[in-house]
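The values are calculated or read from the model by the stated rules, or taken from the named source; none is laboratory data. Being a predicted model, the structure only gives us computed values, none of them experimental. A quick note on method: Cβ atoms are made from the backbone with ideal geometry, for glycine too, and the neighbour counts reach across all protein chains shown. Each accessible area value is taken on the protein alone, full model and side chains, heavy atoms only, with ligands, DNA and RNA left out. Shrake-Rupley method; radii C 1.70, N 1.55, O 1.52, S 1.80 Å.
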Amino acid sequence: MKHLLLAMMLTTAGTVLPAHAKAEQALVAAQTPATVHYRSATVDGVKVFYREAGPADGPVVLLLHGFPTSSHMFRNLIPTLADRYHVIAPDYPGFGQSDAPDHTQFAYTFGHYADLVDGLLGQLGAKSYAMYVMDYGAPVGYRLALKHPDRVTGLIVQNGNAYDEGLREFWDPIKAYWADGSAKSREALSGLVTLPTTIFQYTDGVRDVSRISPDNWVHDQALLDRPGNKDIQLDLFYDYRTNVPLYPQFQAFFRERKPPTLIVWGKNDKIFPEEGAHPYLKDLPDAELHILDTGHFALEDKLDEMAPLIRGFLDKQVAKR
């Protein structure tokens with residue numbers, strides 16, 4: 001309250017601020033949460049929702065979310081970056097606040113998502129960007145990198161796979177669906193869109209579950225339970241198979257372009273386990289690697305560790321590029 005009252009007094013028209021008051025004003029500004037804008041754009045006829053914050057002329061940081069969440073997963077990270085960086089966090093169609101067309105009328109594929117994100121960035125005038133890629137965000141972001149390798153100023157990789165070593169036991173039933181494409185194998189994956197699995201993704205491997213807000217799975221599950229969304233997600237599970245043959249191209253991009261890279265990985269994640277983190281160093285030997293004692297959605301309980309790492313990386317490697 002003291003700082004709020006001081007801020008009101010300091011902004012009175014015509015006031016001449018002494019040095020100590022200017023210092024207090026700077027402190028108030030530093031403690032004020034960044035303004036986040038919630039917007040939508042129409043890209044190829046589809047409404048794409050996105051969160052946007054930070055200076056319009058700042059270096060762009062693109063945040064690409066995973067399954068089964070949305071840009072909501074970045075709600076706490078965005079304010080830590082928005083004083084200096086132009087942060088853009090879209091929802092893919094079928095997720096969050098973006099449109100969710102019927103799966104028989106719309107191609108729910110990772111290639112299509114990459115094209116839509118590319119279109120959104122074009123509308124926003126983002127000509128270069130660092131990318132935070134997590135889970136589904138990795139193939140979306142890496143496909144985008146293959147389209148425009150010269151635009152990528154850096155990578156922040158959080159439990160986002162690009163190597164065969166990272167697809168372990170969790171993926172066996174999904175691989176069975178890839179192998180035969182049958183209705184039986186498809187239906188066998190139905191449990192992946194249910195509330196127990198959603199809770200599992202947020203809590204498994206987390207040492208202190210009291211740090212995980214249950215709002216996460218309430219929010220995500222409400223969207224998963226929308227009519228038709230199950231089929232959207234099952235289509236994406238099947239299309240994930242198309243990412244695996246691209247791994248060599250993703251890896252070639254790493255080797256040839258050598259983007260500055262920060263890897264922050266939850267080591268207890270059963271979906272994208274730690275085995276998927278270390279191979280990056282074969283192609284990006286200068287990458288900064290941090291293995292964290294947490295699970296799949298590391299930002300939920302390790303933001304206090306991750307935000308300084310991410311901010312330090314961006315300030316050092318991206319801000320002046």
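Nonpolar atom fraction for the chain, defined as the carbon and sulfur part of the 1.4 Å probe accessible area, stands at 54 percent.
Relative contact order of the chain: 18 percent, from C-alpha pairs under 8 Å at least 6 residues apart in sequence.
Among 240-246, 89-95, sorting by the average number of other beta carbon atoms lying within 10 angstrom of each residue, highest first, gives 89-95, 240-246. With each label modelled as a point 7 angstrom along the Cα→C-beta vector, the S182-R75 pair spans 4.2 nm.
On the principal axes of its alpha-carbon atoms, the chain has extents of 74, 43, 43 Å, going from largest to smallest. Here is how the number arises for the chain: DSSP H runs of 4 or more residues each give -39500 (n - 2.57), the sum is divided by the residue count, and the result at 222 nm is -11500 deg cm²/dmol. Spin-label model, E305 to V218: label points 7 Å out along the Cα-to-beta-carbon direction sit 2.8 nm apart. Taking Cα atoms only, the orientation of helix 215-224 departs from the longest principal axis of the chain by about 50 degrees. Over all other residues within a Cβ to Cβ distance under 14 Å of V193, the charged ones net out to -2, with Lys and Arg as +1 and Asp and Glu as -1.
Straightening the chain between T242 and E288 buys 13.7 nm, computed as 0.36 nm per residue apart minus the Cα-Cα spacing. The share of Cα pairs per 10 Å bin across region 114-213, counted from zero up to the longest distance, runs 12, 31, 31, 24, 2 percent. Once the Cα atoms are used to define both axes, helix 137-147 deviates from the longest principal axis of the chain by about 90 degrees. Working note: Cα gyration tensor of region 69-171, eigenvalues times five, square-rooted, sorted largest first, giving semi-axes of 21, 18, 16 Å. A probe of 1.4 angstrom, applied to the heavy atoms of all protein chains, finds E305 with accessible area near 80 square angstrom. Comparing P279, P214, P68 in a Gaussian network model of the chain, where Cα atoms under 10 Å apart are tied by springs, the biggest mean-square fluctuation is seen for P214.
Over all pairs of different C-alpha atoms in region 178-282, the reciprocal of the mean inverse distance, the Kirkwood hydrodynamic radius, equals 16.6 Å. Taken over region 250-321, the ratio of Cα radius of gyration to 2.2 N^0.38 Å equals 1.15.
Each Lys or Arg adds one and each Asp or Glu takes one away; over the other residues whose Cβ falls under 11 Å from the Cβ of A114, this sums to 0. In the context of the full set of protein chains, region 204-310 has a per residue accessible area of 43 Å² (1.4 Å probe). Here's the picture: charge each Lys and Arg Cβ at +1 and each Asp and Glu Cβ at -1 in the chain, and of P227, A188, L292 the one pushed furthest to the positive end of that dipole is L292.
Measuring spread by the Cα atoms of region 25-124 yields a radius of gyration and Dmax of 14.7, 55 Å.
To the nearest ten degrees, helix 299-313 and the longest principal axis of the Cα atoms of the chain are 70 degrees apart.
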